[in-house]
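See below for the structure under consideration.
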Amino acid sequence: MPEPQTLEHLIRLAGNGLTYIPKGAFAGLFSLKVLMLQNNQLRQVPTEALQNLRSLQSLRLDANHINYVPPNCFNGLVSLRHLWLDDNSLTEIPIQAFRSLPALQAMTLALNKIHYIPDYAFGNLSSLVVL
């Protein structure tokens with residue numbers, strides 16, 4: 001008989017009006033692969049809550065009010081392959097935040113207020129195939 005599985009693959013918190021996610025919200029979920037936080041009221045990426053999610057492959061932050069992406073907010077997300085940041089309030093490409101995403105294959109930034117894309121904005125994303 002297989003061992004019972006813990007909450008390890010998917011968390012869907014979309015459309016809940018969340019404005020803040022505390023540091024320990026996902027603590028201990030080392031096998032979490034998909035985190036869906038779209039359609040909430042977040043104003044910035046919940047950096048501390050994302051720490052140590054080394055198995056996370058898909059992160060949905062679309063349709064929030066995110067206007068700031070801290071420089072090191074995705075550090076440690078070494079398995080992240082899909083990142084949704086569309087339909088937010090970004091005005092610039094947060095290139096420092098993307099520096100530590102070696103596995104990122106797809107990212108969406110549509111429906112923001114981005115006015116300028118700096119040279120080599122995506123230069124460190126060697127696995128990126130869809131933008």
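Structure notes:
- Going through (1) over 16 Å from Gln57 (Cβ atoms); (2) at pLDDT 95 or above one by one, Trp84 falls short only on (1).
- Among (1) small (Gly, Ala, Ser); (2) modelled with pLDDT under 95; (3) surrounded by 15 or more Cβ atoms within 10 Å (Cβ to Cβ), the one test that Ala103 misses: (2)
- Residues located in segment 78-125, provided they are out of contact with any helix residue (DSSP H, G or I) (no Cβ under 7 Å at 6 or more places or on another chain), within 22 Å of Leu50 (Cα to Cα) and among the polar types (S, T, N, Q): Ser79, Asn88, Ser89, Gln96, Ser100, Gln105, Thr108
- Residue count for segment 75-89, restricted to those that are hydrophobic (A, V, I, L, M, F, W, C) and either surrounded by fewer than 18 Cβ atoms within 10 Å (Cβ to Cβ) or part of a loop (DSSP other than H, G, I, E, B) (or both): 4.
- Output for segment 1-35, where each listed residue is at pLDDT 90 or above, over 18 Å from Gln51 (Cβ atoms) and either surrounded by 14 or more Cβ atoms within 10 Å (Cβ to Cβ) or not basic (Lys, Arg) (or both): His9, Leu10, Ala14, Gly15, Asn16, Gly17, Thr19
- Options Asn52, Asn67, Asn72, Asn124: the member that is surrounded by fewer than 17 Cβ atoms within 10 Å (Cβ to Cβ) and either farther than 22 Å from Thr19 by Cα or of a type in the set (A, V, I, L, M, F, W, C) (or both): Asn124
- Count of residues meeting criterion [touching a Phe, Trp or Tyr at 6+ places or on another chain (Cβ under 8 Å), more than 16 Å from Leu109 (Cα to Cα) and either part of a loop (DSSP other than H, G, I, E, B) or of a type in the set (Val, Ile, Thr) (or both)] in segment 43-71: 5
- Taken as a whole, the structure leaves Ala49 outside the set of residues that are in contact (Cβ under 8 Å) with a residue 24 or more places away in the chain, touching a Pro at 6+ places or on another chain (Cβ under 8 Å) and over 21 Å from Phe98 (Cα atoms).
The values are calculated or read from the model by the stated rules, or taken from the named source; none is laboratory data. Every value quoted in this text rests on a predicted model; they were computed, and no experiment measured them. Counting neighbours? That spans all protein chains shown, and the Cβs are built from the backbone with ideal geometry, glycine included.
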